[in-house]
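A short worksheet on the structure shown next.
The values are calculated or read from the model by the stated rules, or taken from the named source; none is laboratory data. Small disclaimer: the values here were computed from a predicted structure and weren't measured. Cβ coordinates were reconstructed from backbone atoms using ideal geometry, including for glycine residues, and neighbour counts include every protein chain displayed. Ligands, DNA and RNA are excluded from the accessible area calculation, which covers all protein heavy atoms including side chains. Shrake-Rupley method; radii C 1.70, N 1.55, O 1.52, S 1.80 Å.
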Amino acid sequence: MKFLLRSLYVAAVLTLALIATIGVAATGAYYYVAPSLPSVESLKEVQLQVPLRVYTRDGRLMAEYGEQRRIPLKIDRVPVSIVNAFLAAEDDRFYDHPGVDYQGLVRASISLALTGQRTQGGGTITMQVARNFFLTREKTISRKVREIFLALRIERELSKQEILELYLNKIFLGQRAYGIGAAAEVYFGKTVDQLSLAEAATIAGLPKAPSRDNPVFSAERALSRRAYVLRRMLETGHIDGPAYQAASAEPMESELHGPTVEVDAPYVGEMVRLDMLSRYGAEAYTAGFIVTTTIDSRLQKAAVAALRKGLLEYDRRHGYRGPVTRIDWPQDEQGIDTLLGGLRPSPNLALGIVTAVDEGGATVFMRSGESVVLDLSAMSWARPHIHEDLRGPVPESVGEVLAAGDVIELVQLADGAWQLGQTPAAQGAIVALDPIDGAVAALSGGFDFRASKYNRVTQAQRQPGSSFKPFIYSAALENGFTTATVVNDAPVVFEDDSLEDTWRPENYSQRFYGPTRLREALVRSRNLVSIRVLRTMGVGPAIQHIERFGIPSSAMPRDLSLALGSITLAPIDIADAYATFANGGYRVAAYYVQSVRNIQGDLIEEADPLIACAVCEDEAVAEMLRKRESQTREDNDPEINFVEIEYADPAVSRQNAYLVADMMRDVIKRGTGRRATKLGRSDLSGKTGTTNDRRDAWFSGFNADLVATVWVGFDQERSLGAREEGSRTALPIWIDFMAEALRDTPTSLVPKPPGLVTVRISPDTGFLARSDDGSAIFETFRIDQVPEPTEDAAPSPYEDPEETEPLF
């Protein structure tokens, strides 16, 4: 008995000594590692690497940039099923332990004693947070000790919900996905609230080995991990038997998904990326910046669709260049899938392989897995392409166009039928902006961004041709000309000692029309009239005037070729300059970033454009606006930062802008832009442009609400082909875009300014018409430029015979 008591006493003493020793050791270890442990405050301040996101002005995602894909979520937005899946898989006692699961540590210690190997057993979610934010993943005792103490500190200062939120947003889940929000998007193309139980369990099974266990890398391993998570959820009571059975039976289906981009605007996204990178460096990709652009999602969709449709239609007019590639035929199904899987279809087109050709048509096995038959009508356009000006004969049988083994492109029509297609060889650009402040509403810099990131809206420096003439005519109106001034449309020859030959400019029609009023010359795009006008007023005064539109003088040639648009400009430069005509004469600058916010949503940058206000020159209107601004201040919360409107300065007089825009309305009503009359609107102005050898085709046009410019050409300059001028090649794209952009909008014209008067004139002389002149027409003039009454034999003030003069 005494021995037993003594033994118990000794055991008790040894136990107490062991506890004391452990306590002292723990205390010593704590004080040893405590100085190197980060504070929990620093944990709260840790900046998660969140990608740059770019949105339209109506809140739709356009682009995302960053190495780590992460969608931070507040814990109250995370579905319970996902939380339960992670707790069951990683830490079922999360709400019971103080950051360290001592039971788990005992198991890990026993395993170490029995096997002599260090393992990760005993870890908790809190310990994973400590390790993921501050520590390495090395498997050492010292790291484990620091992890334990840091976990205990985290539990003392953060709530369980705060810890879960950090964990679920930080953890790496494979395929560049960090956090559950990104994982749901990457593997299933969904938001977290759309995940099924099986999908939630799949994601919860990834932390152990995210690179190997994810369903994209190995569906088999992912299925095994999902089964484990579902079994643990059943064992811990988070799901019942029927839910377990249903989720277990769900097939493992996953593929890589990109960010859920809602608007096709990659060229704008790239512009924003480069801009943010230049200002913020590498932080642009990790700081979670939210950039809102000026892009309107509806108009952007219309612009992209119109440009692609127009380029496809142009391409068809110039014949079929043959299949994408040819393969030996026949092939087994696996070979077909491998080949098609390695090819990337162009936008609006699908890929397929011709498997058989007979009198009934060509059977095509498509990448989607379906087979379609193309008859002769589906390829009637496919005359052999020889060059841009020459095609072969119309095909009389399918076999003349296609053969088995051809890999081809197809386009689906609105009625669902398929036709032979091909990726356009030519390129194009379209940009639209608000003339009131220069905000870019839509922009597409090419047919396919993935094939070519070259942004032709901003980077392509091309000659605008006749679409530059409105600036010449605007300068003329400031230098003694009127809309009715008569100029002789007759041959003229210029000599230049630096050239081997003389310059003999011609009209597009290669005809001459004699005395022509200025309005009519712009409507019909008469080259020789434009040259004579520029020669009369002088190149220098013209350049000084055109500079006011934002076109630098250094870019303008100082010779008469300027009258024909020999300057090189990007499409956005033309659209920006045309905005001055559309807004009543004010210079605004194109911009595309509306605001930049940080990850917390705080505003750090906001656009502050100058506003064009044609009616603000009227004192009564200006006073009304001042009162409205004052009232806005009083009505708004005093903490709201009220931004005063800054008005743009006039570039040209309101009278000048109105007269040029009015002449360009006639271009659409009855001139080179008359195809646009199909829109049924009376408020449209515009001008076509075609350069030498038809290397460039342009159309720029506007009403008071929207300016749009379209360019079509080859990146490596060459002719677009016979009859491919601005009115045929670029204008249909502009029409398709404006049909949608202005749908259901009222007529919008800049108000006619004071100082103008409309009178009857003789269409032949440009002078005031006699009261009995039955051919008289109406014309608008500045009050101080109304012409004199007509005379019986009044000569044209600018009529002259063919002459030879120096070019410079």
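Among the candidates Phe188, Phe149, the residue that is among the aromatic types (Phe, Trp, Tyr), surrounded by fewer than 23 Cβ atoms within 10 Å (Cβ to Cβ) and modelled with pLDDT of 80 or more is uniquely Phe188. Do the conditions hold for Arg156, that is, is it of a type in the set (Lys, Arg), part of a helix (DSSP H, G or I) and surrounded by 19 or more Cβ atoms within 10 Å (Cβ to Cβ)? So Arg156 does not fit the description; no. Candidates in segment 211-244 are the residues that are among the polar types (S, T, N, Q) and under 45 Å from the mean Cα position of the chain (by Cα); of these, the one that is farthest from Gln175 (Cα to Cα) is Ser224. The requirement of being touching a Lys or Arg at 6+ places or on another chain (Cβ under 8 Å) and without any contact (Cβ under 8 Å) to a residue 12 or more places away in the chain is satisfied by Thr677. Tallying residues that are open to solvent by less than 30 Å² (accessible area, probe 1.4 Å), not in a helix (DSSP H, G or I) and not β-branched (Val, Ile, Thr) within segment 159-185 yields 4.
Being in a loop (DSSP other than H, G, I, E, B) and either free of Cβ contacts under 8 Å to residues at least 60 places away in the same chain or not β-branched (Val, Ile, Thr) (or both) is the filter here; which residues of segment 591-612 pass it? Those that are in a loop (DSSP other than H, G, I, E, B) and either free of Cβ contacts under 8 Å to residues at least 60 places away in the same chain or not β-branched (Val, Ile, Thr) (or both): Tyr592, Asn598, Gln600, Gly601, Asp602, Ala607, Asp608, Pro609, Leu610, Ala612.
Out of the residues in segment 291-310 meeting the condition of being of a type in the set (A, V, I, L, M) and either buried (at least 19 other Cβ atoms within 10 Å of the Cβ) or at pLDDT below 95 (or both), tell me which one is nearest to Pro424 (Cα to Cα). Across segment 291-310, the extreme among qualifying residues is Leu307. Identification of strands (runs of 3 or more DSSP E) wholly contained in segment 313-417 with 2 or more residues that are without any contact (Cβ under 8 Å) to a residue 60 or more places away in the chain, touching a strand residue (DSSP E or B) at 6+ places or on another chain (Cβ under 8 Å) and within 30 Å of Val712 (Cβ to Cβ) yields 350-358, 361-366. Thr758 passes every criterion in (1) assigned to a strand (DSSP E or B); (2) within 23 Å of Thr458 (Cβ to Cβ) apart from (2). Checking each residue in segment 79-95 for being crowded, with 19+ Cβ neighbours inside 10 Å and in contact with an Asp or Glu (Cβ under 8 Å, 6 or more places away or on another chain) picks out Ala88, Asp91. Among the residues here, Arg517 does not qualify as more than 23 Å from Ala582 (Cβ to Cβ), more than 41 Å from the chain's Cα centre (by Cα) and surrounded by fewer than 21 Cβ atoms within 10 Å (Cβ to Cβ). For Thr580, the conditions (1) of a type in the set (Val, Ile, Thr); (2) at pLDDT below 95; (3) open to solvent by less than 70 Å² (accessible area, probe 1.4 Å) are fulfilled apart from (2). Gly686 meets the conditions (1) open to solvent by less than 50 Å² (accessible area, probe 1.4 Å); (2) assigned to a loop (DSSP other than H, G, I, E, B) in every case but one. The failed one is (2).
For Phe447, the criteria (1) outside any loop (DSSP other than H, G, I, E, B); (2) open to solvent by less than 10 Å² (accessible area, probe 1.4 Å); (3) not charged (D, E, K, R) hold in every case but one, which is (1).
The residues of segment 689-721 that are in contact with a strand residue (DSSP E or B) (Cβ under 7 Å, 6 or more places away or on another chain), open to solvent by 10 Å² or more (accessible area, probe 1.4 Å) and acidic (Asp, Glu) amount to a single one, Asp715. Filtering segment 625-666 to residues that are modelled with pLDDT of 85 or more, of a type outside the set (A, V, I, L, M) and assigned to a loop (DSSP other than H, G, I, E, B) leaves Glu646, Asp649, Ser653. The set of residues from segment 425-443 being part of a strand (DSSP E or B) and open to solvent by less than 10 Å² (accessible area, probe 1.4 Å) comprises Gly428, Ala429, Ile430, Val431, Ala432, Leu433, Ala439, Val440, Ala441, Ala442, Leu443. Summed over segment 667-683, the residues that are of a type outside the set (S, T, N, Q), surrounded by fewer than 21 Cβ atoms within 10 Å (Cβ to Cβ) and in a loop (DSSP other than H, G, I, E, B) give a count of 3. Taking the criterion of being among the small types (Gly, Ala, Ser) and open to solvent by less than 10 Å² (accessible area, probe 1.4 Å), would at least one residue in segment 504-513 satisfy it? No, that holds for no residue.
Among the residues of segment 122-142, write down those that are more than 45 Å from the chain's Cα centre (by Cα) and either crowded, with 16+ Cβ neighbours inside 10 Å or modelled with pLDDT of 75 or more (or both). Selection gives Gly122, Gly123. Apart from one condition, Gly237 fits all of (1) buried (at least 21 other Cβ atoms within 10 Å of the Cβ); (2) without any contact (Cβ under 8 Å) to a residue 24 or more places away in the chain; the exception is (1).
Yes or no, residue by residue, for (1) touching a strand residue (DSSP E or B) at 6+ places or on another chain (Cβ under 6 Å); (2) within 29 Å of Arg532 (Cβ to Cβ); (3) polar (S, T, N, Q):
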residue: Arg723; (1), (2), (3): no, yes, no
residue: Leu731; (1), (2), (3): yes, yes, no
residue: Ile735; (1), (2), (3): no, no, no
residue: Thr747; (1), (2), (3): no, no, yes
residue: Ser762; (1), (2), (3): no, yes, yes
residue: Thr765; (1), (2), (3): no, yes, yes
residue: Leu768; (1), (2), (3): yes, yes, no
residue: Asp772; (1), (2), (3): no, no, no
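Looking across segment 342-363, the residues that are open to solvent by less than 50 Å² (accessible area, probe 1.4 Å) and of a type in the set (Val, Ile, Thr) come down to Ile353, Val354, Thr355, Thr363. Taken together, Leu206, Leu256, Leu223 contain a single residue that is within 18 Å of Leu195 (Cα to Cα) and either of a type in the set (Asp, Glu) or open to solvent by less than 40 Å² (accessible area, probe 1.4 Å) (or both), which is Leu206.
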